[in-house]
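Visitor: Below: one structure in C-alpha cells.
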Amino acid sequence: MSKPKNNVNDLLAAIKRQPTAPEPASEKAEQISPSVNKPVREERVKRDAGKKQFTENKPKNPVGKPVQFWMHDDDRRLVRELSAWLAGQGIRPTDSMVIRAVLRLAKTGNGLLEAYWQAAKLDGRIKRD
C-alpha cells in the first residue's frame with residue numbers, strides 16, 4: 001500500500017512558491033515635485049501588461065459564418081426527405097447539416113449543370129426576355 005501524500009505541500013514544493021510581501025506603496029505616492037506643491041503620481045501599470053501579446057497568425061476559426069438563402073417549397077421538401085432518410089439511420093440532423101452534406105457529395109459535371117438550369121428557371125430574381 002502506498003502512504004498518503006500531502007498534495008498541496010508537494011505541489012508548492014514543486015513550483016517553489018514562496019509567499020512574497022507587497023512593496024510599500026506609500027513612498028512612491030508621497031513624492032513631492034519641487035516646482036509644484038502637489039504629490040506626483042507614478043503612472044499606473046496596466047493589469048494586462050503581464051499578458052502575452054499574440055503576434056502569430058492564428059488559424060481561421062473552422063466554425064463558419066451564418067448565411068441566409070431562399071429555398072422554394074420543392075427544395076425544402078427535398079431537404080426534409082433527406083433528413084427523414086438520415087433519421088432512419090439514427091441521425092437527427094439540422095437542415096444546415098443536410099445541405100452541407102449534400103454540398104460535399106456534389107460533383108461537377110452535366111448533372112450539376114442541369115440542376116442549375118432547373119433552379120435558374122424558378123429564380124424570380126433573373127429577368128427573362
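The values are calculated or read from the model by the stated rules, or taken from the named source; none is laboratory data. Source: prediction; values computed, not measured. With ideal geometry, Cβ positions are generated from the backbone for all residues, glycine too; neighbour counts draw on all protein chains shown. Please note that ligands, DNA and RNA were not included when accessible areas were found on the heavy atoms of the full protein model with its side chains. Shrake-Rupley method; radii C 1.70, N 1.55, O 1.52, S 1.80 Å.
Residue by residue, here is whether (1) within 36 Å of the chain's Cα centre (by Cα); (2) open to solvent by 60 Å² or more (accessible area, probe 1.4 Å) holds:
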{"position": "90", "(1), (2)": "yes, yes"}
{"position": "93", "(1), (2)": "yes, no"}
{"position": "96", "(1), (2)": "yes, yes"}
{"position": "99", "(1), (2)": "yes, no"}
{"position": "102", "(1), (2)": "yes, yes"}
{"position": "105", "(1), (2)": "yes, yes"}
{"position": "111", "(1), (2)": "no, no"}
{"position": "116", "(1), (2)": "yes, yes"}
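Let's see how each residue does on (1) in contact with a helix residue (DSSP H, G or I) (Cβ under 6 Å, 6 or more places away or on another chain); (2) part of a loop (DSSP other than H, G, I, E, B):
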residue: 74; (1), (2): no, no
residue: 82; (1), (2): yes, no
residue: 93; (1), (2): yes, yes
residue: 108; (1), (2): no, yes
residue: 115; (1), (2): no, no
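One line per residue, one yes/no per condition, for (1) out of contact with any Ser or Thr (no Cβ under 9 Å at 6 or more places or on another chain); (2) modelled with pLDDT under 65; (3) among the basic types (Lys, Arg):
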{"position": "9", "(1), (2), (3)": "yes, no, no"}
{"position": "36", "(1), (2), (3)": "yes, yes, no"}
{"position": "48", "(1), (2), (3)": "yes, yes, no"}
{"position": "53", "(1), (2), (3)": "yes, yes, no"}
{"position": "57", "(1), (2), (3)": "yes, no, no"}
{"position": "68", "(1), (2), (3)": "yes, no, no"}
{"position": "98", "(1), (2), (3)": "no, no, no"}
{"position": "106", "(1), (2), (3)": "yes, no, no"}
